[in-house]
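The values are calculated or read from the model by the stated rules, or taken from the named source; none is laboratory data. Quick caveat, the model's predicted, so the values are computed rather than measured. Cβ atoms come from the backbone with ideal geometry, glycine included; neighbour counts cover every protein chain shown.
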Amino acid sequence: MKLKHFAAFVGLACLAVASLAVSCYTGPIVVPDGLTPAELIQRGQEASDKNRYSHSLQYYAAVIERFPFDIDSTLAAEYEIAFIHYKQKNYELSKTELNDLIDRYNVTDEELLPAQFKILSGIVLAKIEEIENSRKKRN
């Protein structure tokens with residue numbers, strides 16, 4: 001009788017582990033055609049809010065790939081990608097992306113670009129620097 005209970009427990013444990021593995025899978029998704037940049041960004045934000053960063057990154061990449069001449073949406077997507085890397089504590093990649101984003105503002109028509117992404121990038125860069133300085137002090 002005890003062996004039967006143990007076998008049932010092992011079966012349930014295996015099922016739980018398998019379902020957890022499937023629910024954590026964040027592989028490629030199909031990003032539907034025909035979505036506007038705003039819809040793609042919204043879906044990216046919704047995925048990010050659910051900590052589905054892989055999905056979120058794919059939506060933002062679709063904005064950049066599909067709408068390269070929509071500078072406002074492209075800057076938004078680039079910022080969101082860098083911010084996801086920041087949230088994932090991938091500070092080096094995030095710093096590179098944020099600095100690249102800020103560099104895009106070094107144009108004669110800078111005032112035509114949405115200022116919020118440059119400002120937000122500077123804020124996140126300052127936070128990363130603060131984190132890195134804090135780590136150095138502890139070591």
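Of all the residues that make up the range 32-91, how many are among the small types (Gly, Ala, Ser) and over 15 Å from the mean Cα position of the chain (by Cα)?
3
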Exercise for the section: Of the conditions (1) more than 20 Å from Lys127 (Cα to Cα); (2) without any contact (Cβ under 8 Å) to a residue 24 or more places away in the chain; (3) touching a Leu at 6+ places or on another chain (Cβ under 8 Å), Ala62 clears all except one; give me its number. Expected result: (2)
Problem - Every residue from the range 30-41 that is under 17 Å from Phe69 (Cβ atoms) and modelled with pLDDT under 95 - result: none
Exercise for the section: Of all residues in the range 70-108, count the ones that are touching a residue at least 40 places away in the same chain (Cβ under 8 Å) and not aliphatic (A, V, I, L, M). Expected result: 5
Exercise for the section: Identify, from the list Tyr79, Tyr86, the residue that is under 22 Å from Glu39 (Cα atoms), at pLDDT 95 or above and of a type in the set (Phe, Trp, Tyr). Expected result: Tyr79
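Looking at the range 30-40 only, could you name the residues that are assigned to a helix (DSSP H, G or I) and either buried (at least 20 other Cβ atoms within 10 Å of the Cβ) or charged (D, E, K, R) (or both)?
Of everything in the range 30-40, those that are assigned to a helix (DSSP H, G or I) and either buried (at least 20 other Cβ atoms within 10 Å of the Cβ) or charged (D, E, K, R) (or both) turn out to be Glu39, Leu40.
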Practice task
Mind listing whichever residues of the range 28-67 are acidic (Asp, Glu) and touching a His at 6+ places or on another chain (Cβ under 6 Å)?
Solution key: none
Handout entry: Residue that is in a loop (DSSP other than H, G, I, E, B), at pLDDT below 95, on the phi < 0 side of the Ramachandran plot and small (Gly, Ala, Ser), where the choices are Gly11, Gly27
Key = Gly27
